[in-house]
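> Would you mind keeping the following structure in view while I ask a few things?
Only the coordinates and a few stated rules stand behind these numbers; no lab work does. Just so we're clear, the structure is a prediction, and the values are computed from it rather than from any experiment. Virtual Cβ from ideal backbone geometry, glycine too; neighbours counted across all protein chains shown.
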């Protein structure tokens, strides 16, 4: 038997070349046919969420601790964007109703809430956190039905985060002086809060928890297309024994929100939504003495350097833009990939999106749910069309879409240039614009070349590069080797036209106090 | 049915490693009420029990520190829930031991519950308040973060029987430390009942260990133990203070004395966020900023 | 022909190294596979696939021909025919047991005989005896050889030695199919696992395998994912499909289905076959069979009703 002499030790760096003589016996798939097939072998059976929920056919306003009919007498329909079916009717608050709510908030502030110890305010928030945890399953199902997001996300991300926000802020209520060394923090009074439809219950928690912790009372308007879970939260406030008027919920369209930020007896306005509306609110509030914080749109750059942990970077791209159907203000909607690894990244991205399951939000295996409304779907379509017209290449996952409901498949555009509309305007959908760069300085320049400044992502294996880029990106939240990470202890908010003010952490409290 | 039902007497055991155990020495001591009447017997901890408690506390500290701050906060809050649920029984336990009237005993329990809630809210905040990003003069990212020191011995005063124990141990464990507690020598029973509340609060075994017995006997062993990182002492007598502070000379134990009178514990002096800083270590790290 | 010395010199990019792996992100991605809900028909199909992919293993000092007989019989027919469950892919045994397994199974059995070799599990033995062991096992009738890499050499930075030894074992295998065990529990970091995977594939592995099962941690979802990603990149670069086998620590049917989900969503349909994916396990089999019985019959099951391995 022939014995083989051992080869000399090779250098430490492995070289990507197959060793010829050992590969003879193995079949080699020719380059043109080398593809991964994500097809029908071993199909997943439907896995519908089975928790039964009861949705009342009609929902009233929540004012002064009670559910009351709107003086306007009007109601609007709330529909399930996955099926286009009507879920229920929601009360429409007119200016008179908003005024009632503000009065209730003022009364509660003057007579109860501002007199209460921080300790006790905290206890109410802890109670709410616990109740949210107890009712989490039901709330998650409702959130998915009302807004279109997958049950997997509402169950595993939204709801736990809602509870965490109440819990975190409950702990600040009796410790505010530690967040403002050298100053005495006092509440502002009545806070008017307007929230969007992309994370309905979570945005309500982001607004209500710090406001209450700091001693303010609240008038909150959920988005017209997603009111149901906010009203369930109102029931939780009742169950927690929260004094009437501390939180008031007035449902309705944009006009209801206008009534809030025009109201003279509101001390503070907090708005999360589009930059366009944010500017209108800023104009209305100018000179009125109202404190204002805005959390607006974004067009975040997700930057992949050639020394990134590349497979995880692709995961980061996917969670950056396809999470929550791209309905995320801080979505990584512009991909900047270093030219040397661009082909590999795009190829991996193309394969990866084939395994994203689009469909019934109540199916536990769904990754990407429905687009929130017909209006939003049209906006996404229009922008993607513009991309094509302006010369970019559109690539989409080959998923089957349900016949009814509002759907858009995970999409990315290549050959995008900085002046394309898809590179400049916020699409707010599962659409990624891909561009390349050569050096980190170029990446920074391109990333910062936008009026927005909410967030950014950086992927590299080199620590010093991370800190350098974090330091130079003009964005309020920078994710290094990660994306879309949130925590109540981590302040969130934007630079430039993405808004001002922070939510979460010690910094997030400052919007809800006056210091002396 | 007989008018006088024969009751079952409770055995008050030490709480070590999440288990209720008798002293390895087999000794016990009688607990008396203020009138001198015998209440129950409780275990008389030996230096070997102390050794076992530290041996349980060390690995427990590792796991406890790795849990998220949020989870530690939730567990402390749950301890408050459990104590609230059994507040009546705990107040009765205090009354029978100390003779305090039911209102005073209840006030002590209520305050202990509120202290637990207060400190539960610190777990995910103290790093922001006590830590920092430091503006050094070179191109480096420099941050300071507080980390738990490890195993902390906590020595409670004789009175009141519950409130100081809770007020001392909560700021110690919220950061991820584990604790070996020497409970009140004069009124030990409420502390051991409190151990039952901890045992049903999802607190991992070994994070809090409670020993009862004689301070004078155990103090020298606490001071000399090489695997204790810090001592927090609220016992009023100077001899104990001297012995325990001497522990620093042995292995550089961190030492903090809490000088509060029995009444002080009922005031804001018994709820001091800066106590948290006494059992953390501040780690500062540097990393270059550059392409 | 000596490929190292005789290959014409060619520039290769200094940066063309194996990518690094971000621990936090890969663990999140791996965990996401456990959140897939596999029900009813998909569950039954998946569980049967798991059986078909199983290398039913017995690696104990106290193994005897008698014990082997039970193992082989169970692998051949795991449960009553009415459930329509396939045979396991292979039995996995120590070299001394190979001839008993071959005798029991015969020359042309649907169940293959895999033998561990090369000083399993530690590998801390002279190369000469490790190669001899391999040849003997193949000579006794092993269809597959599960070797262990030289972790000492790897961790000391001598990657060339690791590469060369794998090549030597591959040659000693002859026609037998080689699985290369990385022993991920000793390599510790995902970066190391990714690099070791690359070395093994280039050196001649037909399969790369996580662990011996004798060291904790053995197979985990994230470590397996790292190896699947290495296989994916290798396929796209070279056109060669390498197989993967997680082994050790997979005890429940639910866990095994999560592995299948991970293969399906990382490498796609082509790898969902025993030719390219195996599970090294022993107690897993009965848990899977109990789940099959439950899915078919209805009630939760009792171990007394399922024959021992």
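> Using a Förster distance of 22 Å, how high is the FRET efficiency between residue B:103 and residue B:32, based on the Cβ-Cβ distance and rounded to 0.05?
Calculated value: 0.45.
> Listing B:23, B:139, A:419, C:109 from the residue with the fewest other Cβ atoms within 10 Å to the one with the most, what is the order?
Final ranking by Cβ density, sparse to dense: A:419, B:139, C:109, B:23.
> How large is the helix-only mean residue ellipticity at 222 nm for chain A, computed as the sum of -39500 (n - 2.57) over DSSP H runs with n ≥ 4, divided by its residue count, in deg cm²/dmol to the nearest 500?
That comes out to -10500 deg cm²/dmol.
> Could you compute the FRET efficiency for residue B:19 and residue C:295, with r as their C-beta to C-beta distance and R0 at 35 Å, rounded to 0.05? Kindly include the intermediate steps, with their values, before the conclusion.
Numbers: r = 41 Å, r/R0 = 1.17.
According to the calculation, E is roughly 0.30.
> Quote the FRET efficiency, to the nearest 0.05, computed for residue A:120 versus residue B:268 with a Förster distance R0 of 22 Å and r equal to the Cβ-Cβ distance.
0.90
> For the range C:63-197, what is the percent of antiparallel DSSP beta bridges, rounded to the nearest 5?
About 0 percent, rounded to the nearest 5.
> Which of the peptides B:274-281, A:354-361 is most tightly packed, and how do the rest follow, going by the mean number of other Cβ atoms within 10 Å of each residue?
Per-residue Cβ counts within 10 Å, averaged per peptide and sorted highest first, yield A:354-361, B:274-281.
> Multiply the residue separation of residue C:307 and residue C:24 by 0.36 nm, subtract the distance between their alpha-carbon atoms, and state the gained length in nm to one decimal.
Working it through step by step, the gained length comes to 97.8 nm.
> Which of these, C:210, C:283, C:25, has the largest mean-square fluctuation under a Gaussian network model of chain C (Cα springs below 10 Å)?
Ranking C:210, C:283, C:25 by mean-square fluctuation puts C:25 first.
> Counting only other chains, what is the mean number of Cβ atoms within 10 angstrom of the Cβ of each residue in peptide B:117-129? Show your work: numbers first, answer last.
Values: counts 7, 6, 1, 5, 14, 4, 3, 9, 9, 2, 1, 8, 5.
Taking the mean over all residues of the peptide, I get 6.
> Which value in nm describes the separation of the simple spin-label points at residue A:54 and residue A:350, placed 7 Å from the Cα toward the beta carbon?
Rounded to a tenth, the inter-label distance reads 5.3 nm.
> Let me ask another. Against the longest alpha carbon principal axis of chain B, how many degrees, from 0 to 90 and to the nearest 10, is the axis of helix B:69-85 turned?
Helix B:69-85 sits at roughly 20 degrees to that axis.
> Connecting C-alpha atoms closer than 10 Å in a GNM of chain B, tell me which of B:248, B:138, B:200 has the biggest fluctuation.
Between B:248, B:138, B:200, it is B:138 that shows the largest mean-square fluctuation.
> Determine the shielding of peptide C:159-170 by partner chains: average, over its residues, the number of Cβ atoms on other chains within 10 angstrom of each Cβ.
Rounded to a whole number, the mean comes out at 4.
> Between the range C:198-246 and the range A:29-68, how many Å separate their Cα centres?
33
> Hey, another quick one. Quick one, what does Rg over Rh come out to for the range B:61-111 if you take C-alpha atoms and the Kirkwood Rh?
Here Rg/Rh amounts to 1.19.
> Helix A:463-472: angle to the longest alpha-carbon principal axis of chain A, degrees 0 to 90, nearest 10?
On a 0 to 90 degree scale, this one is about 50.
> Can I ask one more? Sticking with the crude label model, points 7 Å out along Cα→Cβ, report the distance from residue C:155 to residue A:96 in nm, one decimal please.
7.9
> In Å and whole numbers, how far do the C-alpha atoms of chain A stretch along each principal axis, longest first?
Principal-axis extents of the Cα atoms in chain A, largest first: 95, 54, 51 Å.
> Which three numbers, in whole Å and largest first, are the semi-axes of the equivalent ellipsoid of chain C derived from its Cα gyration tensor as √(5λ)?
Square roots of five times the eigenvalues give 32, 25, 16 Å.
> Just from its helices, what would the mean residue ellipticity at 222 nm be for chain C, if runs of 4 or more DSSP H residues each count -39500 (n - 2.57) and the sum is divided by every residue, rounded to the nearest 500 deg cm²/dmol?
That comes out to -14500 deg cm²/dmol.
> Run the paramagnetic zone check for residue A:134: 7 angstrom along Cα to Cβ, then residues of the range A:238-252 with backbone nitrogen under 19 Å.
Counting backbone N atoms under 19 Å from the label point, the list is A:238-244.
> Antiparallel versus total DSSP beta bridges in the protein assembly as shown: what percent is that, nearest 5?
Around 35 percent antiparallel, to the nearest 5.
> Per the helix-only calculation at 222 nm, which mean residue ellipticity applies to chain B, given -39500 (n - 2.57) for every DSSP H run of n ≥ 4 and division by its residues, nearest 500 deg cm²/dmol? Please report the intermediate quantities before stating the final value.
On the way: 10 runs with 118 residues, N = 291.
After summing the helix terms and dividing by the residues of chain B, the value is -12500 deg cm²/dmol.
> Anyone know which of C:198, C:77, C:107 comes out most mobile in the 10 Å Cα GNM of chain C?
Maximum fluctuation in the GNM of chain C, among the listed residues, is at C:107.
> Given chain B, what percent of its DSSP beta bridges are antiparallel, to the nearest 5?
Around 55 percent of the beta bridges assigned by DSSP in chain B are antiparallel ones.
> If you don't mind, another one. To the nearest 10 degrees, how steeply does helix A:136-147 sit against the main Cα axis of chain A, on a 0 to 90 scale?
Taking Cα atoms only, the helix is inclined about 80 degrees.
> Please report the orientation-averaged projected area of chain B, defined via the convex hull of its C-alpha atoms, in nm².
17.6
> Oh, and also: Starting with the fewest neighbours, write out A:165, B:287 ranked by other beta-carbon atoms found within 10 Å of each beta-carbon.
In order of increasing Cβ crowding within 10 Å: B:287, A:165.
> Past the 26 angstrom mark, what percentage of all C-alpha to C-alpha distances in the range A:301-480 do you count?
Details: 4131 of 16110 pairs.
Roughly 26 percent, once rounded to a whole number.
> Full-extension gain between residue A:396 and residue A:507, please, as 0.36 nm times their residue separation minus the C-alpha to C-alpha distance.
Result: 35.9 nm gained on full extension.
> Here's another thing I want to ask about it. Direction-averaged shadow area of the convex hull around the Cα atoms of the protein assembly as shown, nm²?
Details: hull surface 209.1 nm².
It is 52.3 nm².
> A further question follows. Please rank A:292, B:83, fewest neighbouring Cβ atoms within 10 Å first, as an exposure proxy.
On the way: A:292 20, B:83 25.
Least crowded to most crowded, the residues run A:292, B:83.
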